[in-house]
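In what follows, a single structure is set out as structure tokens and then discussed.
The values are calculated or read from the model by the stated rules, or taken from the named source; none is laboratory data. Bear in mind that the values here come from a model prediction, so they are computed numbers and not experimental data. With ideal geometry, Cβ positions are generated from the backbone for all residues, glycine too; neighbour counts draw on all protein chains shown. Ligands, DNA and RNA are stripped out before the accessible areas are found, and what is left, the full protein with its side chains, is counted by its heavy atoms. Shrake-Rupley method; radii C 1.70, N 1.55, O 1.52, S 1.80 Å.
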Amino acid sequence: MSHLLHFVEHTLQEVALLIMAIVYTGRLIWLMHYKAGKERQADTGNGNTSPGKGIIYSWFNVAMPWAMESSRRKIFLYFQFVIFHLGVVAAIGLSFVIPYGPHLLNSETLVLLLQVVIGLAFLVGLYRIIRRVSNSYMRAISSPDDYFSLVLLTVWFFFAFWAVPNNTAKGETILLIYFFMTAFFLIYVPFSKISHYLYYPFTRYYLGKTLGKRGVYPVKHYPREVRG
Amino acid sequence: MKATRSYKAQKVLDRMGNKLNRQMVASLAACVHCGMCTDACHYVLANPGDPTYAPAYKADKIRKLFKRHFDWTGRVIPWWVNAKSVYTDEELEELKDTVFGKCTNCRRCSINCPMGVDYATFNRMARGLLVSVGIMPEGVAVVSKDQWEIGNQMGVLKEDYLDTLEWLSEELVDELGDPRAAIPIDKKDADIVYSINPREVKYDPRTISDAARIFYAAGANWTMPSEGWDMTNFGLFSGDDDLGGAVARRLYEKVEELRGRKLVISECGHGYRSTRCEGQNWAGYDLGFEMESSVITMLRYIHEGAIKVDKSRNTEPVTFHDSCNNARSCGLFEEPRELLNLVIEDFREMYPNRAENFCCTGGGGAMSMAEYTPLRLKSAKIKADQLASTGASYVATSCHNCVDGLSDLIKHYKLGMKVTQLVNLVAEALVIPEKEVLVPVEKVPAVSAGPLDGYKILVVDDEPDFVSFASAILEDHGASVVTAFDGNEALEVARRESPDLITLDITMPGKDGKEVFEAMRRDPALESIPVCIITGQPELRKLIYDRSVPPPNGYVDKPISEETLMRNVRKILEIKQKVKK
Ligand code: SF4
Ligand code: SF4
């Protein structure tokens, strides 16, 4: 392994992670300095609903495709969402496995699994780029950050896919690009839409708490899929 | 060169910082522009191919301000995240058209967003910011002013409210033959203080007498307050938390003054949400009494055996429309269905329903914003299709706003359905045991003469259709009718005929209704003749009331039904309805 590859796999990643952690902490402090609204009224709804149950339901809503009409009606979009995010987890995980547990990649099954997940995520990324560019509704709500973040992740998946075997015998270019991109990704994320997962627990917490207090969450009864 | 910003634009930005809370900030920061919420909105579905109705697109009009002034990336590289400030009053006007005209704050997109972005919440905030600098639809200004000044959102005067209750009370006592059937006003230590929507006094008093009949049959210890009785709250729609808090506080304080044990809120979605779920937070008020929807009260009466119902009295097929505020923001969706199934024979479910139901399109104060009516009715196609596919002849709903929104769209799409409320269906099914009747009723013989016999009424309107419609009704009830089609003619006929009452349109060619009204009030020969304004433009109301002459004796919005016209005319002429038995 070259010095450069060792540097990008270790020092660069660690510095990037540190920067990300600092910026994220700043983001959280920024968010928390806004006051949370106080609810004085008694709960509405029957005994099946409460703020606590609402919060739990809301957090796990994402794992219940039947819970929202939008995912029920667009089940294909839901599954590509799942694959895309599994791809992110796999590609991030890879950036730890290669420097800190390379022996794990001796398992051909793990290599295959990671490549399947990341490869599918790459295809989903391509589909998402096409959808964002060709669908007038998506174009209307897209900013340069939306396009760039999506392209960045898709290209990153491409290199992650080829980086999975961690084979330096055929050259280090792929691994170098993958790790440089990972470091850039880590530093860029807190400033971009990709940081949404930082807000996710908060948005869903408050929506769940509000709708739980108001007797809506957890939803027990889903209407039949008929739209007049 | 640094762009200059208008005073109003600067105020909006300054105040935005004070309005933001953690929930809103998270919602503003978290949108990933995934588009999953797009099809959740009835505006999108009814306007295919136009992305400007997409919830995320509309939300971005507010989000761009947030990003430019409060979010890191947007402050440093605004173009990268579409962050943008606001500089002119024209831009604020455009924002007004989005937040008031293209969204009813129904929250359907919120429950369909995987990220949990609650657009409706910060759309309301944006409404409040615009209202704080005087930028709002005219109707919103009029209604808010009435609620601030008169204490209810339809400008019902205390004497009119009490007159109506007295009149309803007398009818009930006559009908049930029991003085205990009277509506108790300001009774101390009652178990129930019943609060209503001013629309009930003005357009739909049957809902009040039906509720009174149910309380009577249940033997309830109840009362209605003489003041602070309006449970609706325009602060919810206008985003004005100060108004919201003041209105809610007025009601809460009245219940405490009466030492009431429970506040029962009549069927109104936004009233229920404002009073039950939000009002305490706006007012910063902790209560010493309970609150519940009248739907739950009626259901409990049946469960406890306090009232008996016979569902065979309601045989027509009925569907149920969930008000967004009741269902999606207060979780009130199972109780109305349970109640309906106890009082009607043929219930037809509407799909989608409960928290996923589509807005009636009259929500968020849309019924008061005449400038957006064409768009509202176009977007109502979704609801119209939902209604039509049930095959029901009645749609029941627990919301007065929805009653108006649904009635309007049913007429527009010629669905031929009728709109009703649960209180009407329960009252229809109510069985009042004979033994309950303590005082035998002396039957009043049927009166063949019309209640308006001997009265001369001048109908002034430039629409011949309306003049024929009103004249026919008034003549059917015994009045002699004279007519005028413009302002000058109105003054001439009024001076010549000296009518007992004048119904006056506002918008007319030549001398319009405002000038005619003022001229009448200033003319010694005409000043004492009662005038009832009947207009299709409620936003012009303040132009009449702001004049330095005594206000009109009645004010009714078009479209107007026979029942509403007659009730207002009778009330003004102080004629008691004759009971036909
Ligand atoms: S579904 Fe949520 S995250 Fe996606 S575009 Fe709509 S508001 Fe934004
Ligand atoms: S709150 Fe309702 S009307 Fe407004 S954008 Fe969302 S779905 Fe549409």
Within the accessible area of the protein assembly as shown, what % is carbon and sulfur when the probe is 1.4 Å and the other protein chains stay in place? 58 percent
Answer in debye to the nearest 20: the dipole magnitude of the protein assembly as shown about its Cα centre, from +1 Lys/Arg and -1 Asp/Glu charges placed on Cβ, is 3200 debye
Just to confirm, what accessible area per residue do you get for segment B:140-438 at 1.4 Å probe, in whole Å²? 32 Å²
Just to be sure I understand the model, the point goes 7 Å from the Cα along the line to the Cβ. What's the resulting residue A:197 to residue B:253 distance in nm? 5.2 nm
As an exercise, use a Förster radius of 60 Å and the Cβ-Cβ distance of residue B:97 and residue A:18 to find the FRET efficiency, rounded to the nearest 0.05. 0.80
Using the alpha-carbon atoms, what tilt in degrees (0 to 90, nearest 10) does helix B:138-149 show relative to the longest principal axis of chain B? 70 degrees
Karplus ³J(HN,Hα) for segment B:211-224 (6.51 cos²θ - 1.76 cosθ + 1.60, θ = phi - 60°; Hz, whole; x = Gly/Pro) runs 5, 4, 4, 5, 4, 4, 4, 7, x, 6, 8, 10, 7, 10
Beta carbons within 10 angstrom, averaged per residue: use that to sort the peptides A:110-116, B:452-458, highest first. B:452-458, A:110-116
At R0 = 41 Å, how high is the FRET efficiency between residue A:108 and residue A:133 if r is their beta carbon distance? Nearest 0.05 is fine. 0.65
In segment B:265-305, what residues drop by 30 Å² or more in accessible surface going from the chain by itself to the full protein assembly, probe 1.4 Å? B:276, B:277, B:280, B:281, B:286
Please list, ordered by chain and number, the residues whose modelled amide H lies under 5 Å from the amide H of residue B:293; skip anything fewer than 5 residues away on the same chain. B:265
Taking B:206, B:108 and ranking on accessible area (1.4 Å, protein atoms only), highest first, one gets B:206, B:108
Quick one: which bits of segment A:67-83 get at least 30 Å² less accessible when the partner protein chains are in, versus the chain alone, with a 1.4 Å probe? A:68, A:69, A:70, A:74
For segment B:140-438, the charge dipole (Cβ of Lys, Arg +1; Cβ of Asp, Glu -1; about the Cα centre) points to a positive end, and the Cα of B:283, B:339, B:317 closest to that extreme belongs to B:317
Label-zone membership for segment A:1-45, site residue A:169, 7 angstrom Cα→C-beta point, backbone N under 11 Å: none
Roughly how far apart, in whole Å, are the Cα centres of segment B:1-26 and segment A:159-200? 38 Å
Per-residue mean of other chain beta-carbon atoms within 10 angstrom of the beta-carbon, peptide A:29-38? 4
Taking the DSSP beta bridges in the protein assembly as shown as the whole, what percent of them are antiparallel, to the nearest 5? 5 percent
Under-5 Å amide H pairs with residue A:37, H placed in peptide plane, nonlocal only: B:22, B:23
Rounded to whole Hz, the Karplus (6.51, -1.76, 1.60) HN-Hα couplings of segment B:291-300, x for glycine and proline: 9, 8, 6, 4, 4, 5, 4, 5, 5, 5
Can you list the aspartates and glutamates whose alpha carbon sits under 12 Å from that of residue B:262, skipping same-chain ones fewer than 8 residues off? B:189, B:191, B:290, B:292
Work out the mean other chain Cβ neighbour count within 10 Å for the residues of B:349-357 and drop it here as an integer. 5
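If you count the DSSP beta bridges with both ends in chain B, what percent of them are antiparallel, to the nearest 5?
Taking every DSSP beta bridge with both residues in chain B, the antiparallel ones total about 5 percent.
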Relative to the Cα centre, what is the charge dipole magnitude of chain A, using +1 at the beta carbon of each Lys and Arg, -1 at the beta carbon of each Asp and Glu, and rounding to the nearest 20 debye? 1320 debye
Packing rank of B:516-528, B:80-92, where each peptide gets the mean count of other beta carbons within 10 Å, highest leading: B:80-92, B:516-528
Exercise: per-residue mean of other protein chain Cβ atoms within 10 Å, B:105-118: 6
For chain B, what is the charge dipole size about the Cα centre, in debye to the nearest 20, if Lys and Arg each add +1 at the Cβ and Asp and Glu each add -1 at the Cβ? 2160 debye
From the Cα centre of segment B:351-397 to that of segment B:75-153, the distance in Å is 21 Å
Between their Cα atoms, which of A:220/B:414; A:35/B:158; B:311/B:558; A:53/B:11; B:202/B:383; A:220/B:381 are more than 31 Å away from each other? A:220/B:414; A:35/B:158; B:311/B:558; A:53/B:11
With a probe of 1.4 Å, find how much accessible area segment B:456-580 has per residue, and write the answer as a whole number in Å². 43 Å²
Under the classification rounded if a/c is under 1.5, otherwise prolate if a/b is larger than b/c and oblate if not, where does segment B:140-438 fall, given a ≥ b ≥ c as square roots of the Cα gyration tensor eigenvalues? oblate
Roughly how big is the B-A contact, given as buried accessible area in Å² (both sides, 1.4 Å probe, nearest 100)? 5800 Å²
How high is the relative contact order of chain A, in percent, counting Cα pairs under 8 Å that sit 6 or more residues apart? 40 percent
Sorting check: for B:503-512, B:228-237, which peptide has the highest mean count of neighbouring beta carbons within 10 Å, and how do the rest follow? B:228-237, B:503-512
Under a point spin-label approximation (7 Å from Cα along Cα-to-Cβ), what is the residue A:123-residue A:221 distance to one decimal in nm? 4.1 nm
Partner aspartates and glutamates for residue B:61 [C-alpha distance under 13 Å; skip if fewer than 8 residues away on the same chain]: B:91, B:93, B:94, B:97
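With a cut-off of 8 Å between alpha carbons and a minimum separation of six or more residues, what is the relative contact order of chain B in percent? Before the final figure, lay out the partial values.
On the way: 1048 pairs, mean separation 65.4, N = 581.
Answer for chain B is 11 percent.
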